[in-house]
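Chemist: Could you have a look at this structure, given as structure tokens, before my questions?
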Amino acid sequence: MIRLVVGSFLVISHIYYAELAPTENYPYSEALASNYMLYWKYNDTHITFETHVQAHGFTGFGISVNGSMFPGDVIIGYVSHHNVHLNDYHTTAHAPPTMDSSQDWTLISSKENHDSTVLKFSRALNTHDSDDIPIHAGVTHVIWAYTTTDPKSPTELIYHAANRGSKDIKLIAKGTVPVGK
Ligand code: HEM
């Protein structure tokens, strides 16, 4: 009997604490922080990202000209009461990003479990929007941030405090995509 109870507890706790697996087998992945995983894939024209963040606030992800918060091209997404919000913004200061008038990201899916938020979204490598930064072959300055609580709305964003960073990543391997397309 005790063995049965302990066994059930282990099974239940394993299910409860199981991490959310990526929605597909991505060719590329990178840990941006110990609790922030990035997966991606691309073709000649588009790139798809999937972010796994161990927090229940907003997920911020984007690219910047020099690795700083600005000038940058970012998405901010969050899941609140089963509604997902994912919007295209640009950064011009150490201040809340401005929402782009042209929304160029497509939300593919989202998920939240007991402690994590997963967002999957895609975009053209070059959107031809002056508020966006084209993604070329070679090293890209990726920036990320997250919060532990949801903002009130996509235009009432909250400060990430220490939960932010940047990483230089070869998102697109050289030679696989025509640069400047
Ligand atoms: C309400 C929204 C935001 C506010 C008020 C804000 C504010 C700030 C401030 C004051 C700093 C400098 C102090 C510090 O290092 O913490 C900073 C840095 C930083 N932020 Fe944000 N931020 C916001 C959103 C974002 C988003 C969405 C991203 C990424 C997608 C981001 C990425 C960064 C990064 C990488 C840094 C460190 C590099 C740097 O100093 O430029 N921030 N932010």
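Chemist: Which number in (1) more than 17 Å from the chain's Cα centre (by Cα); (2) more than 9 Å from the ligand (Cβ to nearest atom) marks the one condition that Asp115 misses?
Modeler: Failed condition: (1).
Chemist: Go through (1) within 16 Å of Ser116 (Cβ to Cβ); (2) surrounded by fewer than 21 Cβ atoms within 10 Å (Cβ to Cβ); (3) within 11 Å of the ligand (Cβ to nearest atom) one by one and return the number of the condition Pro71 breaks.
Modeler: For Pro71, the failing item is (1).
Chemist: Quick check on my filter: what residues within segment 90-112 are closer than 15 Å to Pro151 by Cα and within 16 Å of the chain's Cα centre (by Cα)? Can you show your working first?
Modeler: Initial filter on segment 90-112 (closer than 15 Å to Pro151 by Cα): 95-99.
Hit for segment 90-112 is Pro97, nothing else.
Chemist: Moving on to the next point. For segment 82-106, what are the residues that are more than 16 Å from the ligand (Cβ to nearest atom), touching a residue at least 24 places away in the same chain (Cβ under 8 Å) and not hydroxyl-bearing (Ser, Thr, Tyr)?
Modeler: To start, the set of residues in segment 82-106 that are more than 16 Å from the ligand (Cβ to nearest atom) comprises 82-84, 101-102, 106.
Next, only the ones that are touching a residue at least 24 places away in the same chain (Cβ under 8 Å) stay: 84, 101-102.
Answer for segment 82-106, where residues must be more than 16 Å from the ligand (Cβ to nearest atom), touching a residue at least 24 places away in the same chain (Cβ under 8 Å) and not hydroxyl-bearing (Ser, Thr, Tyr): just Val84.
Chemist: I'm trying to understand the selection: among the residues of segment 134-167, which are more than 12 Å from the ligand (Cβ to nearest atom) and under 18 Å from Tyr42 (Cα atoms)?
Modeler: Pro134, Ile135, His136, Ala137, Gly138, Val139, Thr140
Chemist: Is one or more of the residues making up segment 107-114 without any contact (Cβ under 8 Å) to a residue 40 or more places away in the chain, surrounded by 12 or more Cβ atoms within 10 Å (Cβ to Cβ) and of a type in the set (Asp, Glu)? Let's see the steps before the verdict.
Modeler: First pass over segment 107-114, keeping only residues without any contact (Cβ under 8 Å) to a residue 40 or more places away in the chain: 107, 110.
Narrowing further to those that are surrounded by 12 or more Cβ atoms within 10 Å (Cβ to Cβ): 107, 110.
Imposing the further condition that a residue be of a type in the set (Asp, Glu) reduces the set to none.
No: segment 107-114 contains no residue that is without any contact (Cβ under 8 Å) to a residue 40 or more places away in the chain, surrounded by 12 or more Cβ atoms within 10 Å (Cβ to Cβ) and of a type in the set (Asp, Glu).
Every number in this text was worked out from the coordinates using simple rules, so none of it is lab data. No experiment lies behind these values; they were computed from the predicted model shown. Virtual Cβ from ideal backbone geometry, glycine too; neighbours counted across all protein chains shown.
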